[in-house]
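Right, one structure below, let's go through it.
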Amino acid sequence: MELKKEISRLYKKLKLLKWSEADCALIAPLTLEINRLKKEKNALILAHSYQTPDIKYGVADFIGDSYGLSMKAKNTNADVIVFCSVYFMAETAKILNPDKTVLAPVKAGCSLAESIKPEDVRMLRKKHPKAGVVCYINTNADVKAECDAVCTSSNALKIINNMPQDEIIFIPDVLMAKNFQSLTSKKLIPWNGTCVVHEKFKPETIDAIKKANPGIEILAHPECSPEVVAKADFTGSTEGMLKHAGETVKKKLMLVTECGLSDRVRVEYPDKEIIGMCALCPYMKEINLRDVYDALNSPRPDQIVKIPKDILKKAKKSIDKMIEIAEKK
């Protein structure tokens, strides 16, 4: 009876993504066991919007973007946090909860986080001694420890504008820096990192989709190139795009971002039609349900997030600065 109910629960969500009852029956025993372990261990499972549907709708307690999930991690009463995402997000949860057990089912990388190292930040500071340093949340803990403030795509402009310096070293996303440069009076000094997902989108693709679908609304992430952003009707973070998708009167949408967000719109706003292409993040898609189960049941050393105390302390200052500015009225 319990298994039958679980299959029904999964199918209610996943049928909107073309999953069959047979597909749901395959994963139901594992989702049941993960959810049982979650209660037993007082664990919280957080999943980024780019995770696979079985994780998002099968076992996650909250789905969101990096900032929203960071706040869930910061405010939870759970003893264990399982972060289904790329690794830097699990690190952020550990920084905000140093006394809790934080688990990363897979130590998944990120092209942006891997594009910059702490010594690069120190070099930039030497070259631009009067500049403040704002790092995008898509950075590893040791890089965050070298910065003045962290930001996310949803609050980057507010963080930049509230820094006391006139020059801001903005790392590591060069395309995001270009997009925000036109929106601020501060001089932004970029690094040359890019997202392997968002750098793929081209303006001519947007033109072709618009021509084939008159009246379609284009939503883009600020990690895309300025040329793509210029073609969009709305630009925002993953949560910003999701919210806009629900609020807009337009029925046909193209989401210029990772495919996982299109899945969320199809499930959460079934009256919307998603048109056009998306791109898969190879890093986000490394995690599967078995990895989540293994981490909860008996975590391997590589699944337990550990950060040296000195790095954790310094990185927390930059995250606290983000939270302070972001929550300022």
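The values are calculated or read from the model by the stated rules, or taken from the named source; none is laboratory data. Every value quoted in this text rests on a predicted model; they were computed, and no experiment measured them. Cβ sites come from the backbone with ideal geometry, for glycine too, and all protein chains shown count toward neighbours.
Annotations
- Being of a type in the set (V, I, T), crowded, with 23+ Cβ neighbours inside 10 Å and in contact with a His (Cβ under 7 Å, 6 or more places away or on another chain) holds for only one residue in V228, V256, and it is V256.
- Among residues of segment 6-32, those that are among the aromatic types (F, W, Y) and either within 10 Å of P53 (Cβ to Cβ) or crowded, with 20+ Cβ neighbours inside 10 Å (or both), counted: 1
- Residue tally, condition more than 17 Å from the chain's Cα centre (by Cα) and part of a loop (DSSP other than H, G, I, E, B), over segment 128-177: 13
- Selection count where residues are over 19 Å from I275 (Cβ atoms) and of a type in the set (A, V, I, L, M, F, W, C), scope segment 217-258: 1
- Between K158, K130, the distinction of being closer than 24 Å to C224 by Cβ and touching a residue at least 12 places away in the same chain (Cβ under 8 Å) belongs to K158 only.
- Residue check, K313 farther than 19 Å from Y136 by Cβ, outside the structural domain of K178 (by TED's automatic domain parsing) and either modelled with pLDDT of 95 or more or of a type outside the set (S, T, Y) (or both): no
- The lone exception for M123 - which of (1) outside any helix (DSSP H, G or I); (2) within 26 Å of P308 (Cα to Cα) it fails: (1)
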